[in-house]
1. State whether the residues of segment 128-142 include one that is among the aliphatic types (A, V, I, L, M) and under 21 Å from Gly21 (Cα atoms).
2. Among the residues of segment 103-117, count how many are surrounded by 14 or more Cβ atoms within 10 Å (Cβ to Cβ) and touching a residue at least 24 places away in the same chain (Cβ under 8 Å).
3. From the list Ala94, Ala100, Ala81, which one is more than 20 Å from Val47 (Cβ to Cβ) and without any contact (Cβ under 8 Å) to a residue 40 or more places away in the chain?
4. Considering only segment 70-102, how many residues are surrounded by 14 or more Cβ atoms within 10 Å (Cβ to Cβ) and part of a loop (DSSP other than H, G, I, E, B)?
5. Please go through segment 25-69 and pick out each residue that is surrounded by fewer than 16 Cβ atoms within 10 Å (Cβ to Cβ), touching a strand residue (DSSP E or B) at 6+ places or on another chain (Cβ under 6 Å), free of Cβ contacts under 8 Å to residues at least 60 places away in the same chain and not in a strand (DSSP E or B).
Amino acid sequence: MSEACSTDVCDVPAGTTGPVGFEARPDYRIDLRRVRNRLTVTAGDTVLAETTRPLLVDEQDHGLVFYVPRADVREQLLVAAPDVSTRCPFKGEASYWRLAADSSGDVVAWAYPDPLPQVALIGEHIAFYQDRVTVALGVAIPAVGEPLTLKGNTRTS
C-alpha cells in the first residue's frame, strides 16, 4: 500500500493490465477546493510552510488533505526521498521528502509533480503527513467581515 495513497483502491501492482483509476472507477470522487485560510506546517518549532492559498483535497476513502503551493514551502528544510516511490491510479506518480534535519527519518511530505489531468490543480503543490508534522489551519484571509446584501446586480455592505 502506498503512503500518500493509503487505501487498497490506490494499490497498482506492477504489471497490471486493463483499466485502472478513473477509467475503471469513473464514479470515484476527488474534490479540490482552494481555500483562503492561513495554513502553517511545522516540525517542532521549525516552520516548513506557510500559506494563505492552501488547496483542500477531499478524496473518497481518504481523510482531508491540504496541499501547499510549492512557492510557500521552505524546501531547503526538506530533502528528497528517492528510495520511496508510489503511483496512485487517480493522481499519478508521487515524489516524497524527509526533513533535512533527519534525512534518515520517515517521509513527511509528498507531491504529484505531473498529476493526471483530472487532478491537475495539485501540480506544483506539496502535501504533508498530518501525523508526522503539525498542520495548523487558521482564519481566512481576509477575515470574513460584515454580511453583504445583494440588490439586483449590485453588492452593498
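1. First, the residues of segment 128-142 that are among the aliphatic types (A, V, I, L, M): 133, 135-137, 139-141.
With the extra rule that they be under 21 Å from Gly21 (Cα atoms), the set shrinks to none.
No.
2. Taking segment 103-117 as the starting set, the residues that turn out to be surrounded by 14 or more Cβ atoms within 10 Å (Cβ to Cβ) are 106-113, 115-116.
Imposing the further condition that a residue be touching a residue at least 24 places away in the same chain (Cβ under 8 Å) reduces the set to 106-112, 115-116.
Going through segment 103-117 one residue at a time, the tally reaches 9.
3. Working: Ala94 fails: without any contact (Cβ under 8 Å) to a residue 40 or more places away in the chain; Ala100 fails: more than 20 Å from Val47 (Cβ to Cβ).
Sole residue among the options that is more than 20 Å from Val47 (Cβ to Cβ) and without any contact (Cβ under 8 Å) to a residue 40 or more places away in the chain: Ala81.
4. The qualifying residues number 5.
5. Leu64, the sole residue that qualifies.
Throughout, read-outs are computed from the coordinates displayed, never taken from laboratory work. These figures come from a predicted structure and were not determined experimentally. Positions of Cβ are generated from backbone atoms using ideal geometry, with glycine treated the same way; all protein chains shown enter the neighbour counts.
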